[in-house]
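Heads up, the thing below is written out as structure tokens.
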Amino acid sequence: MTMTITSATLRDIADLRQLYFDVYGHGYPVALGSDPAVMRRLIADPNTFWLTARRSGTGELAGSAVVQTDPGTRVGKLVGLAVHPAHRQAGLAGELTGSVCAAAFDGGCVDSVYATVRMVTRGPQNVVLRNGFVPVGLMPNAAEVEGCESLALFVRYADGVLTRREQVAEVPEALLPLLRACEDSTGIGFGPVAAAPAAANPPRSARRSGAGFELLDAPGFVRRRFLELFPDPASRFFPLHTPNAVLLPGDGRFEAYAQLDRAAGSCALVAVHPHLGAVTDSLEPLMDAVARAGADYVEALLPLADTAGLAAFLAQGFVPGAVYPAMRRAADRFHDYVVLSRTSRQIDFRDIAADGLLQGYLTAYLTAWTSTYLPLPEVVS
């Protein structure tokens, strides 16, 4: 059977909602598959590429794929890939992925497109791999889909981007296994990076301040306040994440802006005012506040070159799971970033289907997690 792939229109919304329900049931944690208002906004957005596949002749909707782009950061995200069960095994997922990514790259608006891929089967991993994506790490317990699931991070680059990366001379030692896993899996080199001198950090129990946190969940106000405090896009780099909540300590020392997704049970720490360092000695009570709000998973995005910031998050129980080479463009050069996360749920990797290219990341994560939460006992002779 043949398929016709075209841009989504407002007339497709009802069929698209039915498609996502048929594929995921009530467990799809992304609003573009269920919220008509969000769907209308994205279909009309010139920075969003949304393609549908319909069966020629009958017009039956068979698949959908979306790339959302952030023109300010030139980063895109592949989301909403769905193929109806009746139309699988014919390569439609790969064809949709290739077409929607080509539309984004051909428009010249992105330097890279990333995808977070479920790891319950190898199928989604194979689809992105066949379309030029490379795996750059894991995000354990990152989403509530059919239970708590881990995701893999994949990236596809525009031509010439990876040749213009800034190299980093040293990083916290806990990141070295992750960088080596990326080199082995993708061939993207990090050069002779060395372990930075270890900083003296008090144990996490001594860091717990006990100060009460307030979580303000008022998306409109939060967005306006966020833009007032961070008018320069360079100071609020977290592509395709818009804060909808702010966490405030009792003493008012800082404001931590977050994208809180209760449906997925996740939280992204987008930015901190007046600066990131203000929050690093309060991450324990902040984690408690986020957990009370319904998020079991918190992630942060830091430059690979920010040794002090990375060390502070590592000291508070965050674990490096993924590295995003050449994520941020500054003039004509590109800078690498690291995804660190912390989860309050037990991590269970027994049922994941990790492609061979992901095995190194799994080992790197387990090494970092073990060194954080299972330190070797001191031997007294």
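Read-outs: derived from the displayed coordinates by stated rules, not from any lab. Since the model is a prediction, treat every value here as computed from it, not as a measurement. Here the Cβ is made from the backbone with ideal geometry for all residues, glycine too, and neighbour counts use every protein chain on show.
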Relative contact order (%) - the stretch 58-201, alpha-carbon pairs under 8 angstrom, separation at least six: 18
Relative compactness, the stretch 3-164, computed as alpha-carbon Rg over 2.2 N^0.38 Å: 1.00
From the coordinates shown, Cα extents along the principal axes in Å corresponds to which of (i) 61, 50, 46; (ii) 55, 51, 45; (iii) 77, 45, 43: (iii)
Listed residues VAL161, CYS101, ALA326: farthest to the positive end of the dipole of the chain (Cβ charges): CYS101
Rel. contact order, % - alpha carbon contacts under 8 angstrom, at least six apart, the chain: 15
Euclidean distance between Cα centres, the stretch 296-340 to the stretch 100-120, Å: 20
Charge-dipole axis of the chain as Lys and Arg at +1 and Asp and Glu at -1 on Cβ define it, positive-most pick from ALA8, VAL128, LEU286: ALA8
Derived scalar couplings ³J(HN,Hα) [the stretch 278-294; Karplus, 6.51 cos²θ - 1.76 cosθ + 1.60; whole Hz; x for Gly, Pro]: 5, 9, 5, 8, 10, 5, 5, x, 4, 4, 4, 5, 5, 4, 5, 7, x
Max mean-square fluctuation residue, GNM over the chain, Cα-Cα springs under 10 Å, options ASP306, ASP22, ASP232: ASP232
Gyration tensor verdict on the stretch 223-318 (Cα atoms; rounded if a/c is under 1.5, prolate if a/b is larger than b/c, oblate otherwise): rounded
ARG165 long-range amide H proximity, modeled H, under 5 Å: PHE334
Spin-label pair ARG164/THR58, simplified geometry with 7 Å Cα→Cβ offset, distance in nm: 4.7
Relative contact order computed over the stretch 282-381 (Cα-Cα under 8 Å; 6+ residues apart), in percent: 28
Size of charge dipole - the chain - debye, nearest 20, with Cβ of Lys, Arg +1 and Asp, Glu -1, no other charges: 500
Residues ARG122 and ASP348, FRET efficiency given R0 of 22 Å [Cβ-Cβ distance, rounded to 0.05]: 0.75
Note, ³J(HN,Hα) from phi for the stretch 248-265, Karplus 6.51, -1.76, 1.60, rounded to Hz, x at Gly and Pro: 10, x, x, 8, x, 5, 7, 10, 9, 8, 9, 9, 9, 10, 5, 4, 8, x
Per-peptide average of other Cβ atoms within 10 Å, ordering 33-45, 50-62 highest first: 50-62, 33-45
Stretchable slack from LEU215 to ALA14, in nm (0.36 nm times residue separation minus alpha-carbon distance): 68.9 nm
